[in-house]
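Report on the following structure.
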């Protein structure tokens, strides 16, 4: 069985934001303290990565990811948005499913394997529809950890 994609405490089925910037800030706020990193460093790393090219994967999915100094392990977080937001995705479809990956600055290829695993799962339209229809965080946890 695969290692869990995301811990239950880092699944939020009801995030309310109105823009990509607000979404990235919200993600930074949610992971900074529990993982002992500065919110501004998380936000800066995510924004820097977005400058290289949007992490919008298409079909309403975004997989923001970055390397971050000060982390001692890979961080994941899943957010389902109340209302989709514009995300500069290649297909121009607003995003409502977001899977965050932050890796230690010294990470080897493991975070790339995780990114590939998440990308494959979120390319499956049926899987995404099941995530969108999940009743609560517990149901999302079951779905996400089947991947």
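Note on region 127-147 and region 82-117: Cα centroid distance 17 Å, given to the nearest whole angstrom.
The modelled label-to-label distance for the pair residue 14/residue 116, using points 7 Å beyond Cα in the direction of Cβ, is 3.8 nm.
Beta bridges assigned by DSSP with both partners in the chain are antiparallel in approximately 50 percent of cases. If the chain linking residue 72 and residue 47 were pulled fully straight, counting 0.36 nm for each residue of separation and taking away their Cα-Cα distance, it would gain 6.9 nm.
With the radius of gyration and the Kirkwood radius both derived from the Cα set of the chain, what is their ratio Rg to Rh?
Values: Rg = 14.0 Å, Rh = 15.1 Å.
Here Rg/Rh amounts to 0.92.
Within the listed set 90, 65, 111, the residue fluctuating most in the Gaussian network model of the chain (springs between alpha-carbon atoms under 10 angstrom) is 90. The slack between residue 86 and residue 139, meaning 0.36 nm per residue of separation minus the straight C-alpha distance, is 16.5 nm.
Rule-based calculations on the coordinates, nothing more; no lab input. Small disclaimer: the values here were computed from a predicted structure and weren't measured. As a convention, Cβ positions derive from the backbone with ideal geometry for all residues, glycine included, and neighbour counts pool all protein chains shown.
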